[in-house]
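> Below: one structure in C-alpha cells.
The values are calculated or read from the model by the stated rules, or taken from the named source; none is laboratory data. Nothing here was measured: the structure is a model prediction, and the numbers come from that model. So basically every Cβ, Gly included, is an ideal-geometry build from the backbone, and we count neighbours across all protein chains shown. Surface accessibility is based on the protein's heavy atoms, side chains included, excluding ligands, DNA and RNA. Shrake-Rupley method; radii C 1.70, N 1.55, O 1.52, S 1.80 Å.
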Amino acid sequence: MKLFNLLWVLGLAGVVAGCNSGPPISGCDPADGITEAGRCDTGGGTGGTPGTGGGGTGNTGGGGDGACTNADDMATYMDLTYTDSRGNEEEGPSAASAIASDCVFGSESSDPVNPGCGTEAGNVVACAISPAGCPPETIDALTNCVVDCTQTLIEDITGSTLTQDCADCYGASVSCSAENCAAAGCTNPTSATCIQCRCDEGCTPGFDVCSGLPPSGDCG
C-alpha cells in the first residue's frame, strides 16, 4: 500500500509501504537529493539537522539517520500485522506505515479499528487552502496525534512500541506532508499527485534517511 489513508500522509505518514516503507518525512532539501550512502547531498553544506525531534518541518529530521533499524524496533516490526482501511493485510514496517496513514482520519474497517485524528486532520485541511497556510500549532497537533495514535495501536497489537527516535521519523513525515502537500489536492494519498508532492518536497526521501528502512522506489 502507499503511504497514508488520507491524503498526504496527509497523505501521509510513512510510514513503509507508502512512499517508502514508511511515511513521508522531512529531511533532505529536494534540491540536494540523496547520496549513494543514503545521506542528504548538500554539496558540502550543513543540510538538514537530524535528531532534533519529530514534530519539525522543512529540513528538521526526526530521530536521526537509521533510527528505525535498531534491534528493539526490528523486534516490534517482526510482531506487527495490520489490515488497513482498504482490506490490505500488512506486516512489519509496511503495517506501521498503514497504521500511520489510517491514523490521519481513522478507519472503522481496519483491523484493529483505527480511531484516527479526524479533528486535527480536518483543521489542517481547512487552513491549508488559505493564503497564510496553517499555523505551526495546527500542524503540530496533527503530528502529535498521529504519532500517539500509531504508537497506541502498535502497542495494542504487539505489546510494545517503536522507540521514540523511530516514532519521531514518522512524526516528521506527517509534518512535512501536512505543511507542503495538504493544499495540493491530496485527498488520496496513493494518487500520483500526492506521491509526487511528497517526493518533490523531500518528505519521502527524508523518511527513508531518518528511518533507515528500505525505500519503496516511488521517487525514482
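A quick yes/no check of all residues on (1) within 22 Å of Gly116 (Cβ to Cβ); (2) at pLDDT 90 or above; (3) within 14 Å of the chain's Cα centre (by Cα):
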| position | (1), (2), (3) |
| --- | --- |
| Thr52 | no, no, no |
| Thr69 | no, yes, no |
| Asp73 | no, yes, no |
| Thr76 | yes, yes, no |
| Thr81 | yes, yes, no |
| Asp84 | yes, yes, no |
| Pro93 | yes, yes, yes |
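> Under 7 Å between Cβ atoms, at least 6 apart or on separate chains: pull out the pairs that start in segment 108-133 with a residue that is closer than 20 Å to Ala96 by Cβ and assigned to a loop (DSSP other than H, G, I, E, B) and end on any residue that is open to solvent by less than 30 Å² (accessible area, probe 1.4 Å) and charged (D, E, K, R).
Pairs found: Ser110/Asp84; Ser110/Asp102; Gly116/Asp102.
> Same structure, new question: Given the structure, is Ala75 open to solvent by less than 30 Å² (accessible area, probe 1.4 Å), out of contact with any His (no Cβ under 6 Å at 6 or more places or on another chain) and assigned to a helix (DSSP H, G or I)?
No; evaluated as a whole, the condition is false for this residue.
> Check Thr161 against each of (1) modelled with pLDDT of 90 or more; (2) under 24 Å from Ala128 (Cα atoms); (3) of a type in the set (S, T, N, Q) and name the one condition it does not meet.
Failing condition for Thr161: (2).
> Also, quick follow-up: Could you check segment 134-144 and list, in sequence order, the residues that are part of a loop (DSSP other than H, G, I, E, B) and either in contact with a Lys or Arg (Cβ under 8 Å, 6 or more places away or on another chain) or surrounded by 16 or more Cβ atoms within 10 Å (Cβ to Cβ) (or both)?
Cys134
> If the requirement is being surrounded by 19 or more Cβ atoms within 10 Å (Cβ to Cβ) and at positive phi, which of these qualifies: Gly87, Gly92?
Gly92
> Which one of the conditions (1) of a type in the set (A, V, I, L, M, F, W, C); (2) more than 21 Å from Thr204 (Cβ to Cβ); (3) more than 16 Å from the chain's Cα centre (by Cα) does Ala141 fail to meet, given that it meets all the rest?
Failed condition: (3).
This table checks each residue for (1) in contact with a Cys (Cβ under 8 Å, 6 or more places away or on another chain); (2) under 23 Å from Thr81 (Cα atoms); (3) part of a loop (DSSP other than H, G, I, E, B).
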position	(1), (2), (3)
Thr152	no, yes, no
Ser173	yes, yes, no
Asn180	yes, no, no
Arg198	yes, no, no
Thr204	yes, yes, no
Cys210	yes, yes, no
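> While we're here: Could you grab me the full set of residues in segment 159-173 that are among the hydroxyl-bearing types (Ser, Thr, Tyr) and either open to solvent by less than 30 Å² (accessible area, probe 1.4 Å) or in contact with a strand residue (DSSP E or B) (Cβ under 6 Å, 6 or more places away or on another chain) (or both)?
Tyr170, Ser173
> Working only within segment 174-220, note down all residues that are among the basic types (Lys, Arg) and either modelled with pLDDT of 90 or more or open to solvent by 50 Å² or more (accessible area, probe 1.4 Å) (or both).
Residues satisfying the conditions do not exist here.
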